[in-house]
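Working notes for the structure below.
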Amino acid sequence: METSRYLSNPFPLRVFCHIPIPTATTISPSSSLHHFPLAFPLIVLRKMADLTPAMLYAIIAIADAASFHRFTGNHLFHMYLKLGRVPAARAVFDAMACRNVMSFNILIGGLIHNEDINAARKLFDEMPERNLATWNAMIVGLAHFELDEEGLECFLRLKDAGFGRQIHAFVVINGFEQDMCVGSSLAHMYMRSGHLEEGEMVLKGLPFLNVVSCNTVIAGRAQNGDPEGAFHHFILMKNAGLLPDHVTFVSIISACSDLAALAQGQQVHAQVIHVGVGSVTPVRSSLISMYSKCGCLEDSSTIFSESDASDLVLWSSMIAAYSFHGRGEEAIKLFNEMIGEATIIML
């Protein structure tokens, strides 16, 4: 029965309010007082603003007594959320003995609606299981609060949850497939999960290429065992007149490492200096590793010695370089120096 039929006529609610208020001892899962009649006024209440206080309290009292029923409990705290009573909604949620994914989804959506993204994010992280509606609510919420990086990271985690293709279908249906940010994110998701062809098909559907989309395919090729393909797209990127950034260089230096291609690595190093990203820690770390794998340990040592002594990432890269060349004593010595340096920094 549609609730819209009663929005202009509260008589059914008045009848409902004359039902004797049950208690926990009089309501059980097999009770003759069915769950739907208890939830019905809550559904209507969310769409009405002119209920008298007496009617409101009677409805809440009856529903509260049965709130341990999942169906009724969901509608009860949903009503609280619509009324802006977040603590009351959370109290009902926490008191429910049996909750399902819908219970979590309702609360996450209500918390976001009531401007509490931190509580929504915490609840999302604590969920035992999620469905597509959960991910959609969280991504939209993060985007609403302009937490774009977290929203993108949440989107990329969908690959692990198995919802990536469903999201892709949603994107296409709603006409977002040519949006540069959405398209690059989709491609990144496919690349990270090893689906290179699908990722590149998404990129080919974009109206144009930019640095982000080029970085996506270069990183995807490098991370999925195709360093030659990474180089190919790096050359295409430069031929298109796009200027590589530090993200590009980290991926392409990694490709040089995999190929043990010293000449190409030295050329890339020269471009790093020319572009002015030589001081970026991930780039320096990649260069240390690349020169080490190409047999030029001294070059790795030179880059390390010119770096900030407080950066533990670079210390770790140099220790790994010594270990790669079988220089165990130097590796242990450098490790002890790193511990001493870290102690001084903490003091």
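Bear in mind that the values in this text are calculations on the coordinates, not laboratory data. Bear in mind the structure is a predicted one, so any value in this text is a computation, not a measurement. Neighbour counts run over all protein chains shown; Cβ positions are idealised from the backbone, glycine included.
Cross-link partners of Lys82 among aspartates and glutamates, defined as those whose alpha carbon lies under 19 angstrom from its own and excluding same-chain residues fewer than eight positions apart: Asp50, Asp64, Asp94, Glu115, Asp116. Each label point was placed 7 Å from the Cα along the Cα-to-Cβ direction; for Asn114 and Ala240 their separation is 4.6 nm.
By the rule of a C-alpha distance below 15 Å, with chain neighbours fewer than 8 residues away ignored, the aspartates and glutamates paired with Lys293 are Asp258. Highest average first, the peptides 315-322, 125-132, 277-284 ordered by how many other beta carbon atoms sit within 10 Å of their residues are 315-322, 277-284, 125-132.
Ranked by the mean number of other Cβ atoms within 10 Å of their residues, highest first, the peptides 173-182, 293-302 come out as 293-302, 173-182. For the peptides 91-97, 285-291, the ranking by mean Cβ contacts within 10 Å, running from highest to lowest, is 285-291, 91-97. I need the shape label for segment 245-347. Rule: rounded when a/c is under 1.5, else prolate if a/b > b/c, else oblate, with a, b, c from the alpha carbon gyration tensor. Oblate, since a/c reaches 1.5 and b/c is not below a/b. Summing +1 for each Lys or Arg and -1 for each Asp or Glu among the other residues whose beta-carbon sits under 10 angstrom from that of Leu259 gives -1.
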